[in-house]
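Laboratory data are not the source of any read-out in this text; all were calculated from the coordinates shown. Computed from a prediction, not measured in an experiment: that's the story for all the values here. Don't worry about glycine lacking a Cβ; one is built from the backbone with ideal geometry, like all the others, and counts go over all protein chains shown.
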Amino acid sequence: MGIPVIDFSKLNGEERATTMAEIANGCEEWGFFQLVNHGIPEEILERVKKVCSQYYELEREGEFKNSTTTKLFNDLVVKKSGEKLENVDWEDVITLLDNNEWPAKTPGFKETMAEYRSEVKILAEKIMQVMDENLGLSAGYIKKAFDGGDGDNAFFGTKVSHYPPCPNPELVNGLRAHTDAGGVILLFQDDQVGGLQIFKDGQWIDVQPLPNSIVINTGDQIEVLSNGRYKSVWHRVLATPDGNRRSIASFYNPSLQATIAPAPELVERSANQEKDHTYPKFVFADYMSVYAEQKFLPKEPRFQAVRAM
């Protein structure tokens, strides 16, 4: 069983209704789906693969080998205790924002990643428009909520991750199980080295590598805005003994100042719910302060914590 694969190009043709329904199913039943023919040129994606791999080899591989994670892991291997490293991840990460310092030594990295981020942000906004329509919300509702009103204030960040080969993958997580705090997440994952899994129906399911697809998942804020119709989903990355897994995740999140609450139309349609069963209203910055402490814990207490603020 694999997550849904949807041809995004059919959204503008005779199969629009079917494609809209497929995306609705991906959001409601899975929380994850893969888009093919999504509009980001394959030439850009091929360059992204190249520069991200080169970047790790040129600028990060040595740092990871000397990192605290590697030291803790090596100490555990020496001990032969059978324990597992529970509080670290076998992951090397950098974050790309519009206003932070980007790697400068890898040829073409800045230019390629800037171009990719521009394309994937456009795709994110198209996906939010589809969500608006599928949920019966006014056009631009989710984007406006994330912006905190008018303007273009939403947060858009990109996390470039590498998961190096791990000699004892049973002793550490690639990335611990969690739900994402924010809004819409767009992942360009490795098409050769797997490891990403989602939790559904009581079991972990592989997110199958598919060349040049974009994996979409919904974060906690989409769950709140949709009043639980779309739910964020637990996912993790396994450490693997072979291959250097590349993963580029872009996050379209609310502004820290944005107030997030269930869309009134969706609360009204769920009038049979008791009032305290709806999701809370909160400022996203407050949610993030809770999430920073509870990322790898069940999400429901986070909602309760911001309800009480």
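What to note about this one:
- Helix 42-55 axis, angle to the chain major axis (alpha carbon atoms, nearest 10°): 40
- Estimated FRET transfer efficiency (Asn168, Ala285; beta-carbon r; R0 30 Å; 0.05): 0.15
- Cα centroid of the stretch 61-106 to Cα centroid of the stretch 168-196, whole Å: 14
- Using the Cβ-Cβ distance between Glu293 and Ile122 with R0 = 30 Å, the FRET efficiency computed as 1/(1 + (r/R0)^6) comes to roughly 0.35.
- Degrees between helix 284-294 axis and first principal axis of the chain (Cα, 0 to 90, nearest 10): 40
- Cross-link pairs exceeding 28 Å in C-alpha to C-alpha distance, out of Lys10/Lys281; Lys50/Lys84; Lys80/Lys159; Lys10/Lys144; Lys10/Lys295; Lys79/Lys299, comprise Lys10/Lys281; Lys50/Lys84; Lys80/Lys159; Lys10/Lys295; Lys79/Lys299.
- Prolate/oblate/rounded label for the stretch 161-219 (Cα gyration tensor, a/c 1.5): oblate
- Globularity index of the stretch 180-251, i.e. its alpha-carbon radius of gyration over 2.2 N^0.38 Å: 1.16
- Globularity ratio of the stretch 39-105, using Cα Rg and 2.2 N^0.38 Å: 1.51
- Distances between placed amide hydrogens fall under 5 Å for Val5 paired with Gln34, all partners being 5 or more residues away or on another chain.
- Surrounding net charge for Gly174, when Lys and Arg each add one and Asp and Glu each subtract one, Cβ distance under 10 Å: +1
- Per the Debye formula on identical point scatterers at the alpha carbon atoms of the chain, with no solvent, log10 I(q)/I(0) at q = 0.08, 0.11, 0.13 Å⁻¹ is -0.37, -0.70, -0.98.
- Inter-site label distance for Arg307 and Lys80 at 7 Å from Cα along Cβ, in nm: 5.1
- Phi-based couplings in Hz for the stretch 120-136 (Karplus 6.51, -1.76, 1.60; Gly and Pro marked x): 6, 5, 4, 4, 4, 5, 5, 5, 5, 5, 5, 4, 3, 5, 5, 7, x
- Full extension of the chain between Leu58 and Asp201 yields a length gain of 47.3 nm, computed as 0.36 nm times the residue separation minus the alpha carbon distance.
- Ratio of Rg to Rh over the stretch 84-148 (Cα coordinates, Kirkwood Rh, two decimals): 1.15
- Per residue, the convex hull volume that the Cα atoms of the stretch 114-157 enclose (Å³): 66
- Unit charges at the beta carbon, dipole of the chain: most positive-side option, Val77, Cys52, Leu266: Val77
- Within the chain: Cβ-based charge dipole about Cα centre, in debye rounded to nearest 20 (Lys, Arg +1; Asp, Glu -1): 580
- Relative to the dominant Cα principal axis of the chain, helix 68-79 is inclined by about 60°.
- Just so you know, the averaged projected area of the alpha carbon convex hull for the stretch 1-136 sits at 12.2 nm².
- Value of Rg/Rh across the stretch 129-237 [Cα atoms, Kirkwood radius]: 1.02
- For the stretch 204-309, the fraction of alpha-carbon pairs in successive 10 Å shells from zero, as %: 12, 39, 29, 16, 4, 0
- Two-site label geometry, Ala114 and Ala177: point separation in nm, points 7 Å out along Cα→Cβ: 4.2
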